[in-house]
Amino acid sequence: MTREEVAEGYLNELMNRSLVQVTHVGRDGRFRAYGIHDLWREMIIAKSREQSIVTIASERGRAWPEKLRRLAIHHNLENIQESEGVRLLTVLDLSGSKLETFPHEVVNFLNLTYLSLRKTNVKLIPKAIGNLKKLETLDLKHTNATELPDEILNLKHLRHLLLYRYNNTPCYFPFHNIIGFKAPTGIGSLLYLQKLCCIEANQGNNSGIVLREVGKLTQLRRLLILRLQKEYGMALCSSLEKLNNLLSLSVMAIEEDEIIDLDSLSLPPRLLRTLYLRGRLEKISHWISSLHNLKSVILRSSKLKDVDPLQSLQDLPNLLHLGLNSTAYEGDGLFFKAGGFQKLKDLWLVSLVGLKWVRVESSSMPLLEKLHLRDCKLMMELPSSVKLLANLQFLDLTDMSETLISRLNRDLQGGDYWKIAHVPKVLIGDSK
């Protein structure tokens, strides 16, 4: 077990004792955020100060305890002074600060294991980053950086490398709403990496080299690949077959019509829990139906027409979340057969422009709690089988056809309301 997995076990034990409460659950059923009682928090802070574990430096500045080990700072580096405490600094969090350039002082903190510049305006990462040889986490999410120097390969203890941002500027190609980084060709030397997000796969002649290097990272738990070209699908599959610890995989094609070809994958990562594919699929890969640990599957822009995506997914025994989004399926109907999707709790059918009907047989999706039908304009009425979803708690009808909505709004007793009378919460409206 990794240290992170051991820590998660401790956290679960605290939850079992009601000392920690879950405040957010992810699509894959994992706990994502937690809360604690105010009294419990005050005790943690008091003990931490007593044992000089944590000190927070405000913009006013504070005296540095002689035995300072860790620091969380959310302001400017002007407060950091040369002291024993700084030399022993292991955690530096500058997320959300108004930094425009990488602070040169940081590369002198040789004991750093955690560095976050998340949500800053930093663009260039200096070669001197290679001095931080004890670094385990480098968080550059939502910065302006798009490349890393080769010296990043000196960080042999690196476990979490996060560098991507969302492109929120108006454009005609919303398919490219996420920007990653170009990885050094020797990325495979970082053998302890567990999270690698997000690699830009379109690196010219180096594309195949970088994708094959990924196969050396056998400790990976999470991997995001952007702008994949069809011709490099085989190289990616070759690497994926070696990633036996992989839990989360996201792959996005270089263009909306580019085919994601992962059919040559013969030994998929058996522990995979989350799968996100964005790009055209000629078919649902044969290996997906064998992944019994899958909890979340999202297909986007797949443009499947003659292939029923439900056929390959309905028997996955632990699937909790399914999303068919943005022309993932171009057929006119979806048929949820009896006995399928036995653990599914959350279903998204979004922007399926050809979808006219949805049918649900008895005993299909018996645990479904949330159903999202969005921007499926050719659906003229709700399927009568919605009434069979006894555990449905939330029905989302956003940007649906005027005909469907008018039938629902006709009156509370007539129209299609009888189909959803058992649902506690129904959202009807548009995306605005």
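The values are calculated or read from the model by the stated rules, or taken from the named source; none is laboratory data. Since we're looking at a predicted model, the values are computed, not measured. Glycine gets a Cβ as well: all are built from the backbone with ideal geometry, and neighbour counts include every protein chain shown. In case anyone asks, the SASA skips ligands and DNA or RNA and just uses the protein heavy atoms, side chains included. Shrake-Rupley method; radii C 1.70, N 1.55, O 1.52, S 1.80 Å.
How big is the chain by Rg and Dmax over its Cα atoms, in Å?
Values for the chain (Cα only, Rg and Dmax): 24.5, 75 Å.
Would you mind counting up the charge near SER362? Only other residues with Cβ under 15 Å from its Cβ, with Lys and Arg at +1 and Asp and Glu at -1.
It works out to a net charge of +3.
Where in segment 228-291 are there trypsin sites (Lys or Arg not before Pro) that are in a DSSP coil and have at most 14 other Cβ atoms within 10 angstrom of their Cβ?
ARG270, LYS283
Not counting ligands, DNA or RNA, and with a 1.4 Å probe, what is GLU255's accessible surface area in Å² rounded to the nearest 10?
90
What are the residues whose amide H is under 5 Å from the amide H of SER351, where those residues sit 5 or more places off or on another chain and H is modelled from the backbone?
Residues meeting the amide H criterion: SER326, ARG374, ASP375, CYS376.
Grab the other residues whose beta carbon is less than 11 angstrom from that of LYS133, score K and R as +1, D and E as -1, and report the net.
Local net charge: 0.
If you add up the charges near ASN293, with Lys and Arg at +1 and Asp and Glu at -1, over every other residue whose beta carbon is less than 9 angstrom from its beta carbon, what do you get?
+3
Summarise the accessible area of the chain (1.4 Å probe, protein heavy atoms) by the percent that is carbon and sulfur.
50
Be a star and scan segment 211-249 for residues whose amide nitrogen sits under 19 Å from the point 7 Å along the Cα-to-Cβ vector of THR2.
213-226, 239-249
Per residue, how much accessible area does the chain have with a 1.4 Å probe, in Å²?
Value for the chain: 51 Å² per residue.
Want the number for ILE44 to SER264: 0.36 nm per residue separation, take away the alpha-carbon distance, what's left?
So the chain would gain 74.1 nm between ILE44 and SER264.
Given axes a ≥ b ≥ c from the Cα gyration tensor, I'd like to know whether segment 292-432 is rounded (a/c under 1.5), prolate (a/b larger than b/c) or oblate.
oblate
Nearest 5 is fine: what % of DSSP beta bridges in the chain come out antiparallel, could you say?
If I count the DSSP bridges inside the chain, around 10 percent turn out antiparallel.
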